[in-house]
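Novice: If you scroll down you'll find the structure; I have some questions about it.
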Amino acid sequence: MPNYVVGHKIPDSDSICSAIALSYLKTTLGEETVPARLGELSPETLFILDKFGFEQPELKMSYAGESLYIVDHSERTQGPDDIDDATILGIIDHHKLGDITTSTPLEIWVRPVGCTNTIIKMMYDFHNVEIPKNIAGAMMCAILSDTVVFKSPTCTTADIKCVEALAEIAGIADPKALGMEMFEVKSAVLGTPIRDLVLRDFKDFDMNGNLVGIGQLEVIDLAVFDDMKPELVADIAKLKAEGNRHSVLLLLTDIMKEGSEMLVISDNADLTEKAYGKPTVDGKVWLDGVLSRKKQVVPPLQESLS
Ligand code: MG
Ligand code: MG
Ligand code: MG
């Protein structure tokens, strides 16, 4: 029985490319390991897999009795539902430490860098394993995605150096141009069902007993949302009711203007006033300079709800 590597629910490019890259490393080190996913892939991730010639990892929701590595999170709400019945071999992540615990010893690589793939590159270097060209390309794209082509405040010099090294291995002359091409794919939202957009990059957090869902859509120009905003607001209100959530927030991030408009449905009318010092007006608020959910959105909110 092989071991698995799986990222978070509603997988993003980092979760998928991490699963592929870590599986190859572990298998090369003599531990048969396969990548898996906890949901359908986004157009951006499909673009990356297609570009570097990968199949989609196996869709696998249940892990009872199996052994697995968790990548790109360490939160119970974001992992497999039956995670308690699985053996966790390791966690490789770049988010705040979550609430996953284990009953057996495990390997942990957690670093405050912009992307899990930057940490996996460190693991390859540590074990002195050569990264295949196509895996290097996928890892590089995941870093460009998570760091918003180096614009995110989560981006570190380690991420930039890592992209340079991976681009060299993959034979990509202009990684930033490829990054922008990915964000163009991401910006093609017209014609997509509203619920699919809301859930495209959506995470639930347990904030002091309050379930808070936060979605994010990163685009090159927010004008693409102009006509669909009322529908987006109506849908996050539905999502809040369906999941019995305290709040649902949707970040519409403009990667060129480098800020986010937050659509807000919450039990607390003063939620954004308290967390970010800016009131919600007509269900929305502009947060200048805010690009990162994990670094700029979650911590103040968690603090204000404690
Ligand atoms: Mg992720
Ligand atoms: Mg990530
Ligand atoms: Mg992200």
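What follows is calculated from the coordinates using simple rules that are stated; it is not laboratory data. These numbers come from a predicted model, not from an experiment. Note: ideal-geometry Cβ built from the backbone for every residue, glycine included; neighbour counts use all protein chains shown.
Novice: Out of the range 1-38, which residues are within 12 Å of ligand 1 (Cβ to nearest atom) and at positive phi?
Specialist: Hit for the range 1-38 is ILE10, nothing else.
Novice: On to the next question. Does LYS96 satisfy the condition of being charged (D, E, K, R), within 16 Å of ligand 1 (Cβ to nearest atom), touching a residue at least 60 places away in the same chain (Cβ under 8 Å) and surrounded by fewer than 24 Cβ atoms within 10 Å (Cβ to Cβ)?
Specialist: yes
Novice: For the subset of the range 125-152 comprising residues that are outside any helix (DSSP H, G or I) and within 14 Å of ligand 2 (Cβ to nearest atom), which member is surrounded by the fewest Cβ atoms within 10 Å (Cβ to Cβ)?
Specialist: Ranking the candidates gives VAL148 first.
Novice: Sticking with this structure for a sec: From the list THR77, THR27, which one is over 24 Å from PRO132 (Cβ atoms), among the β-branched types (Val, Ile, Thr) and not in a strand (DSSP E or B)?
Specialist: One residue alone meets the criteria, THR77.
Novice: Can you name the number of the only condition in (1) of a type outside the set (Ser, Thr, Tyr); (2) buried (at least 19 other Cβ atoms within 10 Å of the Cβ); (3) within 16 Å of ligand 2 (Cβ to nearest atom) that LYS295 fails?
Specialist: (2)
Novice: From the list LYS278, LYS229, LYS240, pick out the single residue that is in contact with a strand residue (DSSP E or B) (Cβ under 9 Å, 6 or more places away or on another chain) and under 21 Å from LYS9 (Cβ atoms).
Specialist: LYS240
Novice: For GLU164, only one of the following conditions fails: (1) assigned to a helix (DSSP H, G or I); (2) more than 16 Å from ligand 2 (Cβ to nearest atom); (3) surrounded by 18 or more Cβ atoms within 10 Å (Cβ to Cβ). What is its number?
Specialist: With (1) assigned to a helix (DSSP H, G or I); (2) more than 16 Å from ligand 2 (Cβ to nearest atom); (3) surrounded by 18 or more Cβ atoms within 10 Å (Cβ to Cβ) applied to GLU164, the lone miss is (3).
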